[in-house]
Amino acid sequence: MDYIKEIRPLVGHRKIILTAAGAIITKGDQILLQRRSDNGNWSLIGGLMELDETFAETVLREVREETGLEVKLDYLVGVYHNRHAQWPNGDKAHVVCAVYKASILSGEPRIDDESLELRFFSKEDLPELPSEDYREALRDYFQGVRNRVL
């Protein structure tokens, strides 16, 4: 998040627009979730875009960094908004996030400093995700929606 580290001192905690990308990573009928170290909440794997990245490049980088996995992007589920994102330090943002369905090519999940835990969940056992964009993306994924742009 070098870009964000440069921007935040200029704007403080004010609400800004950020772009991000996330992945619905599947293994069989289960979905990989991350319990984040910054807030303890469950989340899809993903993160904020750096300068000069595409959505696809962002999600591939984030998955590699946060899980050690190499994945292929199967399709775009959709583009979603989290209008009320807030971090524990008080930073606020409207996040525009592209969410992809992804399949594992290689590697075994391993946590990094952004994760407390990585775990595969069945649809019936999915924990509540606080992030509205990720909740909507999962709902669309289970309904077979592709390429939704809101």
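The values are calculated or read from the model by the stated rules, or taken from the named source; none is laboratory data. Remember, predicted model here, so these are calculated numbers, not experimental data. With ideal geometry, Cβ positions are generated from the backbone for all residues, glycine too; neighbour counts draw on all protein chains shown. Side chains are part of the model used for accessible areas, which takes the heavy atoms of the whole protein and leaves out ligands, DNA and RNA. Shrake-Rupley method; radii C 1.70, N 1.55, O 1.52, S 1.80 Å.
Brief remarks on what is shown
- Each peptide among 112-122, 9-19 gets the average number of other Cβ atoms lying within 10 Å of its residues, and from highest to lowest they stand as 112-122, 9-19.
- Gyration tensor verdict on the stretch 18-68 (Cα atoms; rounded if a/c is under 1.5, prolate if a/b is larger than b/c, oblate otherwise): oblate
- Cα-centre dipole for the stretch 23-145 with unit charges at Cβ (Lys and Arg positive, Asp and Glu negative), debye to 20: 320 debye
- Surface calculation, 1.4 Å probe, protein heavy atoms: ASP38 sits at approximately 60 Å² accessible.
- Cross-link reach list, lysines versus LYS15, counting only Cα pairs under 16 Å and skipping chain neighbours closer than eight places: LYS5, LYS92
- Per residue, the average separation of C-alpha pairs within less than 8 Å and at least 6 apart gives the stretch 77-116 a relative contact order of 37 percent.
- Dipole check for the stretch 17-72: with +1 at the C-beta of Lys and Arg, -1 at the C-beta of Asp and Glu, and the Cα centre as origin, the magnitude is about 280 Debye.
- Over the stretch 78-150, Cα pairs under 8 Å with separation of 6+ residues give a relative contact order of 43 percent.
- Taking a ≥ b ≥ c as the square roots of the Cα gyration tensor eigenvalues, the stretch 88-150 comes out oblate, since a/c reaches at least 1.5 and a/b does not exceed b/c.
- Potential lengthening between VAL149 and VAL11 on full extension [0.36 nm per residue; Cα-Cα distance subtracted]: 46.8 nm
- Whole-Å distance, taken between Cα centres, linking the stretch 79-136 and the stretch 40-76: 10 Å
- Nearest 10 degrees, 0 to 90: helix 2-11 Cα axis against the chain principal axis: 40 degrees
- Based on protein heavy atoms only, the chain ends up with 53 Å² per residue of surface accessible to a 1.4 Å probe.
- The relative contact order of the chain comes to 31 percent, based on Cα pairs under 8 Å that sit 6 or more residues apart.
- DSSP beta bridges in the stretch 1-120 [antiparallel fraction, %, rounded to 5]: 70 percent
- Protein accessible area in the chain, 1.4 Å probe - carbon and sulfur %: 49 percent
- Shape category assigned to the stretch 19-150 from the gyration tensor of Cα positions, a/c cut at 1.5: rounded
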